[in-house]
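Notes to accompany the following structure.
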Amino acid sequence: MNELANATSPYLRQHAGNPVHWKSWSPELIREAALLGKPVLVSIGYSTCHWCHVMAHESFENPDVAGIMNRHFINIKIDREERPDLDAYFMTAVQAIGISGGWPLHCFLDGEGRPFYGGTYFPPVERYGRPSWSQVLLATADAFQHRSSELAERARRIASLVDAQMLLSRHGTSVQGLPDWENLCRNIMELADRDEGGFGHQPRFPQASLLRLLMRLRSSGAQASLVHHACFTLERMIGGGIFDQLAGGFCRYAVDGNWNVPHFEKMLYDHAQIVESLALAWQHSGNSLFRWAADRSIHFFENEMRHPAGYYFAAMDADSNGEEGAYYTWRTREIDGLLGEWEKPFWEVYASSPLDAMHPDLRVLRLKLGSGGEMPSVENILALDESRQRLLEERSRRLRPQSDQKGIVAWNAMLVSAYFSWYRVSGEEAYSIAGKRLLHTLLEHAFHSNGKLCRYLYDARPVGLAFLEDYAFLIKACIECHQLDFDQHYLERAQMLFDETIRLFKMSGSGLLRSNAAEHGQLPGNVVEWTDGNYPSANAVCCWAARQLAALTGAQVFVDFQRGILREVNELALQHPLASASWIGELLADQIGNPVLKTAMARDAWDQLRSHPIPEVSVVGDPGGDRRMMICAQGVCHPPVVDLAEGSHIIDRLHILRNR
């Protein structure tokens, strides 16, 4: 029978009515399957995933297909947002097989819980060059019964490949020497699309970690083209259909190469990272378009995605009425009929792109580029507020996409950091207040009665146990909050959380931390994520936190952790910069000497840092100090100054990247 009716996860509950005998993940199910002589089918997705919905309607709701699944398999449903460790392990396994990853994700496991085959979306009948789901099921069941030894060997080989990917420490990846920064920058920019922004080809993902790295490198004296490309990419994103031109907020990615036709779901982690990237871009360029887009996005999430308890929902679906983008797309004549006398000025600022070849009459709104590719001015955009409001009112009458109302700790903590980024670059108290309010909500509500950090909040109640990423991003938010005004409470919480992180996730013989803890239950293998995925590697965030805590406390344990974890990944990070942006930022900070600004006046320091930024700086309280500030880097503390302009010669040296 289907056992998902009592699940908390919205995604699992979406499948509670399927005729498939779905079960939630449990290591005991692997043993049960082995006793029954059946393979395990693991199906992973999330509640706002369009192709997950498609496959559910086509196959999982079909009694005949469900009958095949029930006869031949133990069927397990997993919410990738609820169990990121399982998702990471099985995604790596599918990629080791040679299949591109994505969701829905499917893995077939042997009696020891090891994957031997997998894939993503399978259609109900053979098409797109893919076999039907029923064909896959029957062929896999037959192979399991008649070629078990062959599949066991295949499973062992796949497990070995996954372990090799996860356990870097076993393969001697660390090297001596310093990065060749100029060569690294050239390698990154060789993959840049200088015509449309971003990197690579369609589909276009925001890759916010990489955009932030470009601006971190530029602020430290590397190629001037880096910050230009980051800002250009963000402009193109704001101008495209990936940005909701009416309500604000960014969609997960664009299916085309021009940012115009999005995959319409909106994820909190994208929102938080892009808003933080816009803060850096605004600081570098002063372009008011970045400020406008960030404010619109913040306004959207605060109005549409905020729980009354104060945390933010995980995502908004791409679909409504069973159709992707139905809530967002327009027919041109429909817009013209609504605008009336505003029609002509509206189309001077806006344009539209066809949804796809099958629906040429459905259009996606975007900004209209000038003859030289320039964006409309913010003043011209603001002049059309009444037009946008008319369209929003009409859109609000449509069936609104569903929201996944999980308040995931890691993703909410990312949003705290985004708010604090905007405070640091603008000085506006509203951003600081919003960030502290959200952080207070997490620290107040995201812990179980036994003191354990949860994975997410649902109906304002803690659910599940936190993973490494939840601890890492919450520690980061606490450290950033402390540095705003030196409130010791947040520093103490950061230290307590860091100690708990080491206790729960530390592995013997490695500087890297596991993604999950023993309390999450036994898995087929280790889960250790070192690359950036949809957001920065939790291990890299822990490295950042250790660097900051070393500066804030002087404790050697943090210095040792930072140095140890950097040694684990430095070679591979430099070989794969597009997948390792967060690590390269930490290598950068280490090379320029982990600069520290000591001061008794936090807000005065931040005011001055806006005019005289210090790359990768840690702002440290000096309780016995006066208005003077002291810059320390590379093991040397320089004479204190009242105005950072007096220390410009010190800052200038930190802005020059060179091999030492």
Can you find even one residue in segment 535-544 that is at negative phi and surrounded by fewer than 18 Cβ atoms within 10 Å (Cβ to Cβ)?
no
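From A315, A326, A357, grab the single residue that is at pLDDT below 95, under 26 Å from the mean Cα position of the chain (by Cα) and of a type outside the set (D, E, K, R). I'd like the intermediate steps shown before the answer.
On the way: A315 fails: at pLDDT below 95; A357 fails: under 26 Å from the mean Cα position of the chain (by Cα).
Being at pLDDT below 95, under 26 Å from the mean Cα position of the chain (by Cα) and of a type outside the set (D, E, K, R) holds for just one of A315, A326, A357, which is A326.
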Meets criteria (assigned by TED's automatic domain parsing to the domain that holds Y535, basic (K, R), in contact with a Phe, Trp or Tyr (Cβ under 9 Å, 6 or more places away or on another chain) and outside any loop (DSSP other than H, G, I, E, B)) for R291:
yes
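May I ask you to verify whether A518 is crowded, with 16+ Cβ neighbours inside 10 Å and among the small types (G, A, S)? Walk me through how you get there before you give the answer.
Numbers: crowded, with 16+ Cβ neighbours inside 10 Å: no; among the small types (G, A, S): yes.
In short, no.
Does A16 meet the test of being of a type in the set (G, A, S) and touching a residue at least 24 places away in the same chain (Cβ under 8 Å)?
On the way: of a type in the set (G, A, S): yes; touching a residue at least 24 places away in the same chain (Cβ under 8 Å): no.
Here the answer is no, as A16 does not meet what is asked.
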Going through segment 438-483 one residue at a time, which ones are surrounded by fewer than 19 Cβ atoms within 10 Å (Cβ to Cβ) and either closer than 30 Å to L609 by Cα or in the same structural domain as V620 (by TED's automatic domain parsing) (or both)?
H440, L443
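Being of a type in the set (G, A, S), surrounded by 19 or more Cβ atoms within 10 Å (Cβ to Cβ) and either outside the structural domain of S352 (by TED's automatic domain parsing) or over 25 Å from I335 (Cβ atoms) (or both) is the requirement here; does S285 meet it? Please lay out each step first, then the result.
Values: of a type in the set (G, A, S): yes; surrounded by 19 or more Cβ atoms within 10 Å (Cβ to Cβ): no; either outside the structural domain of S352 (by TED's automatic domain parsing) or over 25 Å from I335 (Cβ atoms) (or both): yes.
Considered against the rule, which asks whether it is of a type in the set (G, A, S), surrounded by 19 or more Cβ atoms within 10 Å (Cβ to Cβ) and either outside the structural domain of S352 (by TED's automatic domain parsing) or over 25 Å from I335 (Cβ atoms) (or both), S285 comes out as no.
Please tell me if L504 is assigned to a helix (DSSP H, G or I), touching a helix residue (DSSP H, G or I) at 6+ places or on another chain (Cβ under 7 Å) and buried (at least 20 other Cβ atoms within 10 Å of the Cβ). Step through it out loud before you land on a result.
Details: assigned to a helix (DSSP H, G or I): yes; touching a helix residue (DSSP H, G or I) at 6+ places or on another chain (Cβ under 7 Å): no; buried (at least 20 other Cβ atoms within 10 Å of the Cβ): yes.
No: the conditions fail for L504.
Being under 30 Å from L438 (Cα atoms) and over 14 Å from the mean Cα position of the chain (by Cα) is true for just one of G200, G239. Which residue is that? Spell out how you get there, then give the answer.
Details: G200 fails: under 30 Å from L438 (Cα atoms).
So the residue among G200, G239 that is under 30 Å from L438 (Cα atoms) and over 14 Å from the mean Cα position of the chain (by Cα) is G239.
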Using beta carbons and a limit of 6 Å, which pairs, at least six apart or on different chains, have the first residue in segment 596-614 and closer than 15 Å to H482 by Cα and the second one hydroxyl-bearing (S, T, Y)?
V596/S618; A605/T599
The conditions are (1) at pLDDT 90 or above; (2) out of contact with any strand residue (DSSP E or B) (no Cβ under 6 Å at 6 or more places or on another chain), and K598 fails exactly one of them. Which is it?
(2)
Enumeration of residues in segment 455-478 that are farther than 13 Å from W411 by Cβ, in contact with a strand residue (DSSP E or B) (Cβ under 9 Å, 6 or more places away or on another chain) and not in a strand (DSSP E or B):
A460, G464, L465, L468, Y471
Here's a check for you: in segment 259-281, which residue that is in a helix (DSSP H, G or I) and among the hydrophobic types (A, V, I, L, M, F, W, C) is nearest to Q202 (Cα to Cα)?
I274
Which one of D163, D256 is of a type in the set (D, E), at pLDDT 85 or above and in a loop (DSSP other than H, G, I, E, B)?
D256
Yes/no for H284 being part of a helix (DSSP H, G or I) and free of Cβ contacts under 8 Å to residues at least 60 places away in the same chain:
no
I'd like to know if segment 382-399 contains one or more residues that are in contact with a helix residue (DSSP H, G or I) (Cβ under 6 Å, 6 or more places away or on another chain) and of a type in the set (S, T, N, Q).
yes
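Table: residues versus (1) aliphatic (A, V, I, L, M); (2) crowded, with 23+ Cβ neighbours inside 10 Å.
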site: R194; (1), (2): no, no
site: G200; (1), (2): no, no
site: L214; (1), (2): yes, yes
site: T233; (1), (2): no, yes
site: G240; (1), (2): no, yes
site: A254; (1), (2): yes, yes
site: N258; (1), (2): no, no
site: I274; (1), (2): yes, yes
Among S24, S9, which is crowded, with 24+ Cβ neighbours inside 10 Å, farther than 20 Å from Q145 by Cβ and under 30 Å from the mean Cα position of the chain (by Cα)?
S9
Scanning segment 421-454 for residues that are touching a strand residue (DSSP E or B) at 6+ places or on another chain (Cβ under 9 Å) and charged (D, E, K, R) gives K452
How many residues does segment 307-361 hold that are within 23 Å of A383 (Cβ to Cβ), in contact with an Asp or Glu (Cβ under 6 Å, 6 or more places away or on another chain) and either outside the structural domain of N380 (by TED's automatic domain parsing) or among the basic types (K, R) (or both)?
0
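The values are calculated or read from the model by the stated rules, or taken from the named source; none is laboratory data. Owing to the predicted nature of the structure, the values given are computational and were not obtained by experimental measurement. When we count neighbours, we look across all protein chains shown, and the Cβ atoms used for this are built from the backbone with ideal geometry, even at glycine.
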